[in-house]
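Undergrad: Handing you this structure, nothing more for now.
The values are calculated or read from the model by the stated rules, or taken from the named source; none is laboratory data. Everything quoted here is computed from the prediction, not taken from an experiment. A quick note on method: Cβ atoms are made from the backbone with ideal geometry, for glycine too, and the neighbour counts reach across all protein chains shown.
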């Protein structure tokens with residue numbers, strides 16, 4: 001594989017990407033994927049470990065999805081938990097109240113998330129207001145969702161949450177063998193990664209980067225700033241809502257504190273920022289580091305509430321001060337790695 | 001009932017306006033949205049609590065100490081953290097203040113637990129009856145205290161040397177620097193003053209609300225809404241927006257549903273953002 005055949009800017013614009021990564025990387029990726037598939041079949045595998053990996057997948061999905069509008073697009077949403085909640089509550093309420101399969105509920109949640117993303121995104125992006133406004137509006141949106149989840153008990157069950165009764169039926173997104181959830185989470189993770197990777201390499205991907213780096217210039221270059229930002233935000237919202245449905249079916253219980261709280265929105269950002277929000281792999285790396293750490297913290301210091309979030313906050317401050325491009329960001333100066341991580 | 005709701009809404013709105021004024025000062029000068037504002041309020045409230053607990057004195061007497069404490073804290077936040085990242089993207093500055101807020105809030109949770117505490121001041125049990133309106137005296141103090149604090153802030157900005165320098169930096173940092181103003185130091189002063197106003201607000205809040213690690217959250221969030229509605233950098237607009245929000249929230253809670261009052265205000269904010277994205281009194285702040 002000759003990667004840097006030519007150095008002219010036109011050909012380096014669309015780099016060979018992952019396919020040009022070389023056989024060593026390809027082999028490593030194949031080994032990791034096969035290993036992940038084989039993992040649940042290891043004898044005496046404790047489900048607890050699988051559950052941690054499922055959570056890693058889950059947060060990786062959320063972080064990667066956030067990165068599409070937050071990382072590529074520079075529109076830092078601090079309200080993505082609202083979309084998680086939207087996904088979780090849509091499928092759950094349809095299932096609990098009307099017996100509609102959560103598989104269908106998943107798509108309802110995804111569609112609703114897209115609608116809400118448009119409704120929130122349009123007024124903010126319309127006038128080309130500064131990015132701060134979007135962040136503020138996203139915070140407000142997240143808080144409205146949380147308050148509705150807490151307060152509108154007739155709809156959402158309020159702060160008591162909604163338990164989901166177990167029926168042993170794969171068509172109802174429930175499985176006797178919980179290893180299925182592992183594979184579903186993995187599939188969802190791979191889909192999200194693929195979407196993020198393809199977007200980065202598409203025409204739309206270059207447009208959104210252009211908009212992030214210089215809106216005025218992008219607009220002069222014929223890019224519709226509004227449409228680009230909106231599309232990215234809608235994709236982010238849809239993927240996030242899908243992850244929300246998964247959460248509900250996996251834990252069979254949801255409450256606003258778990259799926260809609262501001263701290264979840266922040267966790268998503270911290271994970272994306274730690275790994276590197278410019279790369280499609282960033283959030284996965286971030287989740288790989290942070291989820292086990294917070295699991296250990298939560299079990300070791302179970303008596304001290306808030307310690308894990310304190311750590312998240314501290315990490316966020318330190319990353320933003322000393323490593324604003326995240327862990328993967330350290331690799332982005334090298335052309336070979338830059339290709340692979342798709343910065 | 002209407003007049004009582006109105007009076008209580010006014011008290012709430014006055015505090016929103018005060019916290020918002022501090023946020024607006026920081027935003028107007030340093031151009032950073034301080035997401036830790038609510039956490040600073042919480043810190044102030046706990047400072048009031050520990051002052052009252054340890055000295056046994058009336059919580060209102062902690063005012064100078066708490067204001068000074070938060071001012072110094074804010075000064076060092078700007079000096080030690082935000083001044084170092086001024087050249088970075090603004091969103092990463094914003095995430096830093098967000099992380100800082102999380103650290104403070106969850107630090108308080110880890111240190112003191114989620115228990116609700118309260119402080120009693122000498123007028124805690126007194127109720128003022130004006131015609132049909134019944135209002136707690138501590139709320140009346142909050143209204144006048146917040147008004148006085150905002151007035152003091154405006155006076156300071158308009159009539160003192162440092163205040164003039166702060167306004168100069170807010171308008172034109174480069175020209176301010178050319179005329180011999182140490183811009184980074186002014187940033188620190190501005191942040192210190194923004195934090196000090198939350199200290200002032202905390203002293204007014206402490207006797208009214210239960211003291212727990214999330215007590216500041218709603219004030220921090222409302223402060224943003226106040227700032228966005230009133231116009232970024234517009235202190236008088238923020239004051240009006242604060243009172244408006246406080247009234248809207250209290251009236252909704254009284255007549256419709258107390259559980260959904262906060263959600264109503266946020267939804268109202270989103271609607272206003274939809275109609276007038278730059279706020280009620282705001283001028284458009286556009287990119288480039």
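Undergrad: Among A:272, A:298, which is the only one that is farther than 22 Å from residue A:186 by Cβ and within 14 Å of another protein chain (Cβ to nearest Cβ)?
TA: Result of the check over A:272, A:298: A:298.
Undergrad: Return the total of residues in the range A:142-156 being under 26 Å from the mean Cα position of the chain (by Cα) and surrounded by fewer than 20 Cβ atoms within 10 Å (Cβ to Cβ).
TA: Count: 0.
Undergrad: Quick one: is residue A:233 in a helix (DSSP H, G or I), in contact with a helix residue (DSSP H, G or I) (Cβ under 8 Å, 6 or more places away or on another chain) and farther than 26 Å from residue B:93 by Cα?
TA: Here the answer is no, as residue A:233 does not meet what is asked.
Undergrad: If only one of B:48, B:140 is surrounded by 22 or more Cβ atoms within 10 Å (Cβ to Cβ), away from every other protein chain (no Cβ under 14 Å) and in contact with a strand residue (DSSP E or B) (Cβ under 9 Å, 6 or more places away or on another chain), which one is it?
TA: Checking each option against the conditions leaves just B:48.
Undergrad: Across the range B:195-238, what is the total count of residues that are within 11 Å of chain A (Cβ to nearest Cβ) and not in a helix (DSSP H, G or I)?
TA: 3
Undergrad: Further question on the same structure: Of everything in the range A:278-314, what is part of a helix (DSSP H, G or I), touching a helix residue (DSSP H, G or I) at 6+ places or on another chain (Cβ under 7 Å) and modelled with pLDDT under 85? Give them in sequence order.
TA: Once the filter is applied, which keeps residues that are part of a helix (DSSP H, G or I), touching a helix residue (DSSP H, G or I) at 6+ places or on another chain (Cβ under 7 Å) and modelled with pLDDT under 85, the range A:278-314 yields A:294, A:295, A:297, A:298, A:307, A:308, A:309, A:311, A:312.
Undergrad: Of the residues B:65, B:70, B:61, B:109, only one is surrounded by 14 or more Cβ atoms within 10 Å (Cβ to Cβ) and within 14 Å of chain A (Cβ to nearest Cβ); which?
TA: Criteria check complete, one pass: B:109.
Undergrad: Conditions first: (1) surrounded by fewer than 24 Cβ atoms within 10 Å (Cβ to Cβ); (2) touching a residue at least 40 places away in the same chain (Cβ under 8 Å); (3) within 14 Å of another protein chain (Cβ to nearest Cβ). Residue A:229 passes all but one, so which condition is the exception?
TA: Every condition holds for residue A:229 apart from (1).
Undergrad: Further, regarding this structure: How many residues are within 22 Å of the chain's Cα centre (by Cα), at the interface with chain B (Cβ under 7 Å from one of its Cβ atoms) and in a helix (DSSP H, G or I) if we restrict to the range A:315-333?
TA: 3
Undergrad: Whether any residue in the range B:75-94 is surrounded by fewer than 16 Cβ atoms within 10 Å (Cβ to Cβ), closer than 24 Å to residue B:22 by Cβ and more than 12 Å from every other protein chain (Cβ to nearest Cβ) is what I want to check.
TA: Yes, that holds for at least one residue.
Undergrad: Determine which single condition residue B:52 fails, assuming it passes every other condition in (1) over 16 Å from the mean Cα position of the chain (by Cα); (2) at pLDDT 90 or above.
TA: Condition (2) is where residue B:52 drops out.
Undergrad: Specify the residue that is nearest to the chain's Cα centre (by Cα); the eligible residues are those in the range A:106-141 that are modelled with pLDDT under 90 and more than 9 Å from chain B (Cβ to nearest Cβ).
TA: A:138
Undergrad: Please work out if residue B:147 is in a helix (DSSP H, G or I), surrounded by fewer than 20 Cβ atoms within 10 Å (Cβ to Cβ) and in contact (Cβ under 8 Å) with a residue 60 or more places away in the chain.
TA: Taking the combined requirement at face value, the residue satisfies it.
Undergrad: Among the numbered conditions (1) away from chain A (no Cβ under 14 Å); (2) without any contact (Cβ under 8 Å) to a residue 60 or more places away in the chain, tell me where residue B:134 comes up short.
TA: Only one criterion is unmet by residue B:134, namely (2).
Undergrad: Out of curiosity, is residue B:241 within 16 Å of the chain's Cα centre (by Cα), in a helix (DSSP H, G or I) and within 17 Å of residue B:101 (Cβ to Cβ)?
TA: no
Undergrad: Considering only residues that are touching a residue at least 40 places away in the same chain (Cβ under 8 Å) and closer than 22 Å to residue A:73 by Cα, which ones fall in the range A:295-323?
TA: Selection gives A:316, A:319, A:320.
Undergrad: Pull out all pairs, ordered by first then second residue, where Cβ-Cβ is under 6 Å, the residues are six or more apart or on different chains, the first lies in the range A:194-218 and is free of Cβ contacts under 8 Å to residues at least 12 places away in the same chain, and the second is surrounded by fewer than 20 Cβ atoms within 10 Å (Cβ to Cβ).
TA: Pairs found: A:216/B:288; A:218/A:210.
Undergrad: Only one of (1) away from chain A (no Cβ under 11 Å); (2) out of contact with any strand residue (DSSP E or B) (no Cβ under 9 Å at 6 or more places or on another chain); (3) surrounded by fewer than 21 Cβ atoms within 10 Å (Cβ to Cβ) is not met by residue B:116, so which one is it?
TA: (2)
Undergrad: So, in the range A:142-172, how many residues would count as being facing another protein chain (nearest Cβ under 7 Å) and without any contact (Cβ under 8 Å) to a residue 60 or more places away in the chain?
TA: The qualifying residues number 4.
Undergrad: Anything in the range A:250-269 that is touching a strand residue (DSSP E or B) at 6+ places or on another chain (Cβ under 8 Å) and within 17 Å of residue A:188 (Cα to Cα)? List them, or say none.
TA: none
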